[in-house]
Amino acid sequence: MSKTVDIDWENLGFDYIQTPYRFLAKHVNGAWQKGELTEDPNLHIHEGSTALHYGQQCFEGMKAYRTKDGSIQLFRPYENARRMNDSARRLRMPQIPEEMFVEAIKEVVRANEAYVPPYGTGASLYIRPLYIGVGPNIGVKPAPEFIFTAFCMPVGPYFKGGLVPTNFVISDYDRAAPMGTGASKVGGNYAASLLPGYEAHERNFSDCIYLDPATHTKIEEVGSANFFGITADNKFITPISPSILPSITKYSLLQIAKERLGMEAIEGDVYLSELDQFVEAGACGTAAVISPIGGIQTQDKFHVFYSETEVGPITTKLYNELVGIQFGDIEAPEGWIVKV
Ligand SMILES: *Cc1c(COP(=O)(O)O)cnc(C)c1O
C-alpha cells in the first residue's frame, strides 16, 4: 500500500483542504492547449471573465476510492465528462474531449495519491472539475478563452456513525426555471439555492426540497441531491423533469434497484399529494451518497416516511450495494469502475 500523509482520516468532514497539485488547461484561439499540473491554488483571470459577470461556468463532483488492496479507483468518470459537456453546450462553451477530462482526473489523483484516504476509514478523495469562461469581455456573449481545472481533497463519509435520517422542508423558492439551467451543473443554480438553504437551516432542517417550478406540485431536488422513494410494493421511484440535475448516483441506484434488488425502478412524477405511497425515502448524490429522509415538512403537515431515527431496510441495502461497488468490495456492473 502506498504511503499516505498524516491526517485524522476518521474525523474528516466536507471542508476545503489544500492538496499539492491541481490540473489546469486553457482553451485559446479555438483550441485546447496541453494542460499541466500546477501547485498554485489561485486562478489568475481577467476582470472581464464571463464566469464572473454572466455565470458562464460549470463544474462537476466526483470521488476516488481506495480499495482493500490499496489501489485507487474512480466511479463512472466518463459520465461526469459527458455531463460537463452537456452543461458546457447549454452555456455555449467548447466541448472537452472525454479522454482529456478523464486523464486530467487521473493525473490529479496520482499526483495527490498520499491524500487518498486509506481503505476502511469510509473517507474518499473528492474531486472538483471546474470549467470557466475567461479573458477580456464586457458584452453578453461567450468568453474568448476558457479554463478547465480540477483539484481534489480528502473528505469524510457523509455519516460518521452510520446512516442517520434527517428532516427536510419544502421550499417556496425555485432553484431553476422549467426550461432553464436546472439540468446543468452550473453555479447559478447554487447561487439561487443559498437563501432557501439558509432559511431551511434556520428552521433546523437539513436542507430544503424544491418542487417543479411550473406547478409546484411535484418533488424535484433535495437540496443539491436527487430524491428517491420506496413503495410498499417494492418500487424505486425517482422524479423525472427537464429541470432536475441528472444525478449519476441516481441512475446507478435505478440500475442497482432493478438488477440487484429485483425492484421495479421508475423515473416518474412524485406528487406531494402522494407521499403516502412511500415507506422509505432518501436523497442521493456523490457528496450525499445516500442520505435517508426522516420526514418532510410541507405547508400544513410533517410527513414521516420510515422513521425519524431509524433507516429503512431497502435504503440500507441500496447504500451497502452502492458503497460496496465504489470501494471495490462488490463487483461492479460492466464499465462502472475505472482504475487510476
Ligand atoms: C451534482 C448534483 C447532484 C448529484 O449528482 P451526482 O452525479 O450523483 O453526484 C444532484 N443535484 C444537483 C443539483 C447537483 O448539482
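We did not get these values from a lab; they are worked out from the coordinates using the rules stated. Treat the numbers as computed from the prediction; the structure is a model and nothing was measured. Heads up, the Cβs are rebuilt from the backbone with ideal geometry, glycines too, and the neighbour counts pull from every protein chain shown.
Before moving on, here are some points about what is shown:
- Among 292-299, 142-149, the peptide with the highest mean count of other Cβ atoms within 10 Å heads the list, and the full ranking is 142-149, 292-299.
- In Å, descending, principal axis extents of the Cα set of the stretch 120-250: 56, 45, 32
- With a threshold of 18 Å on the Cα-Cα distance, the over-threshold entries among LYS235/LYS301; LYS317/LYS339; LYS106/LYS339; LYS68/LYS250; LYS63/LYS339; LYS34/LYS106 are LYS235/LYS301; LYS317/LYS339; LYS68/LYS250.
- Centroid-to-centroid, using Cα positions, the stretch 294-330 and the stretch 251-279 are 12 Å apart.
- Scaling against 2.2 N^0.38 Å puts the C-alpha radius of gyration of the chain at 1.00.
- In the chain, helices alone account for a calculated mean residue ellipticity at 222 nm of -7000 deg cm²/dmol, with every DSSP H run of four or more residues adding -39,500 (n - 2.57).
- Taking label positions 7 Å along the Cα-Cβ direction at both ARG90 and VAL304, the computed distance is 3.7 nm, reported to one decimal.
- Nearest-0.05 FRET efficiency for LYS34 and ALA177, computed from C-beta distance (R0 51 Å): 0.85
- Cα point-scatterer Debye curve for the stretch 236-299, base-10 log of I(q)/I(0) at q = 0.17, 0.23, 0.28, 0.29 Å⁻¹: -0.65, -1.21, -1.50, -1.50
- Cα gyration tensor, the stretch 98-196 - rounded (a/c under 1.5), prolate or oblate: oblate
- Overall form of the stretch 120-171 per C-alpha gyration tensor (a/c, 1.5; a/b vs b/c): oblate
- Gain on full stretching of the segment that runs from GLU199 to THR217 - 0.36 nm per residue minus C-alpha separation: 4.4 nm
- For the stretch 165-179, putting each phi into the Karplus relation 6.51 cos²θ - 1.76 cosθ + 1.60 with θ = phi - 60° gives couplings of x, 10, 9, 10, 10, 5, 8, 7, 8, 10, 8, 8, 8, x, 10 Hz, in residue order, rounded to whole numbers and with x for Gly and Pro.
- Mean Cα-pair separation over length for the chain, i.e. relative contact order, pairs under 8 Å, 6 or more apart, %: 19
- Percentage of interatomic Cα-Cα distances in the stretch 9-155 larger than 25 Å: 30
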